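Worksheet for the structure shown next.
The values are calculated or read from the model by the stated rules, or taken from the named source; none is laboratory data. Just so it is clear, the structure is predicted and the values come from calculations on it, not from any experiment. Please note: Cβ atoms are built from the backbone with ideal geometry, for glycine as well, and neighbour counts cover all protein chains shown. Side chains included, ligands, DNA and RNA excluded: accessible areas come from the protein's heavy atoms. Shrake-Rupley method; radii C 1.70, N 1.55, O 1.52, S 1.80 Å.
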Amino acid sequence: MTTIKDLRTIAIVSFAFAAILGLRADSRAFSLEAVEPGFWKLFDRNAQLTKVATGFGFTEGPVWDPSGYLWVSDETLNKIFKVNTVTGQKQEIISLGDPDGNTYDRQHRLLDCASVLRAIIRLSPDGKTYTTVVDRYQGKRLNSPNDVVLGPDGAIYFTDPTSDLPKDQKQELPFKGVYRIAPDGELQLLIKDLVDPNGLAFSPDGTKFYVDDSTERNIRVYDFRNGQMSNGRIFGYEVEFSANQGVPDGMKVDREGNLYVVGPRGIWVWDPAGHVLGTIVVPEQPANLAWGDPDYSTLYITATTSVYKISTRAHGFIPYL
């Protein structure tokens, strides 16, 4: 079985091999590929992809801060950075074993999926220290938290596959779950029948919850009410996601409920009814994305060794802050 860690290794080795041969690492050309006319309501036909910063190991977990920078995890260098989105300058904030997805809680404090710690952690305001929010379910250690989002009820939701479980440690839970951290700190298991839960997002009205499965290579949607999920089903029609070109990973939604999901070759855009509208083809295989800039109409994309951005006609939905 090809795991997320395997795909990360393939991507890094491929780019390193290209560099040895003197080839451009970004030899895959950027393009906007529409499947449905509605794609052009979200993107200008002449929109360009800009490289914001590069020189990372493997980028993940982008989160925009209104003061003008982007939080970025580097799973290879084991650090979290602040990236100036104008100059591209990156500032190391904290060293942390295999940081992954990030989000803000309702108090605007940064939360991180710390895979090596097998925990959800909260960074201090200056980002230099952290506290553990949760690291166990019913006395057993979590697997390797992957991605995290703030819910409409103020609770924190995260996925817990085994893709980044340290090789010298064993899996203690017999499933790969999706969890809810209630505002009072209680940890609740919501979903445990997915093979490899990864990216997750809520619809803007808070009634739908989306989570993708990187092994099954599909997206599921659940009805959401009062902190509970029900009626899980495949979202839209199934697409052949080829593992050697990337798998479903990070996802975000815009204010109209369109989904932007990492997949083969770039970012796949779906309408709320489950139709693929088109793809943003990115030079490096992406892992995650975030809305940013003052009007939240710019998509920031973490893609292997770099961070990219593209302006859109849409406006991002920023969860419940």
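Total residues in the range 90-107 satisfying the condition of being exposed (fewer than 15 other Cβ atoms within 10 Å of the Cβ), outside any loop (DSSP other than H, G, I, E, B) and not hydroxyl-bearing (Ser, Thr, Tyr): the figure is 2. Of the strands (runs of 3 or more DSSP E) that lie entirely inside the range 4-67, not one contains 3 or more residues that are over 30 Å from residue 165 (Cβ atoms), at pLDDT 50 or above and of a type in the set (Ser, Thr, Tyr). Contact annotation: residue pairs with Cβ atoms under 6 Å, 6 or more positions apart or on different chains, pairing a residue in the range 138-151 that is in contact (Cβ under 8 Å) with a residue 40 or more places away in the chain with a partner that is assigned to a strand (DSSP E or B) and open to solvent by 10 Å² or more (accessible area, probe 1.4 Å), are 148/103; 149/103; 150/103.
Take the conditions in contact (Cβ under 8 Å) with a residue 60 or more places away in the chain and more than 22 Å from residue 268 (Cα to Cα) and apply them to residue 54. Does it pass? For residue 54, the condition - in contact (Cβ under 8 Å) with a residue 60 or more places away in the chain and more than 22 Å from residue 268 (Cα to Cα) - is met.
Here the condition is being open to solvent by 10 Å² or more (accessible area, probe 1.4 Å) and more than 14 Å from residue 300 (Cα to Cα); of 87, 54, 50, it holds for 87 alone.
Of the strands (runs of 3 or more DSSP E) lying entirely inside the range 239-310, not one is found with 3 or more residues being surrounded by 18 or more Cβ atoms within 10 Å (Cβ to Cβ), touching a residue at least 40 places away in the same chain (Cβ under 8 Å) and among the hydroxyl-bearing types (Ser, Thr, Tyr). A Cβ distance below 6 Å, combined with a sequence gap of six or more or placement on separate chains, defines the contacts here; from the range 93-109, residues that are farther than 24 Å from residue 154 by Cβ reach residues that are among the charged types (D, E, K, R) and in a strand (DSSP E or B) in the pairs 93/82; 95/79.
Here's the yes/no breakdown for (1) among the polar types (S, T, N, Q); (2) in contact with a Lys or Arg (Cβ under 7 Å, 6 or more places away or on another chain); (3) in contact (Cβ under 8 Å) with a residue 24 or more places away in the chain:
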| position | (1), (2), (3) |
| --- | --- |
| 158 | no, no, yes |
| 169 | yes, no, yes |
| 175 | no, yes, no |
| 180 | no, no, yes |
| 188 | yes, yes, yes |
| 192 | no, no, no |
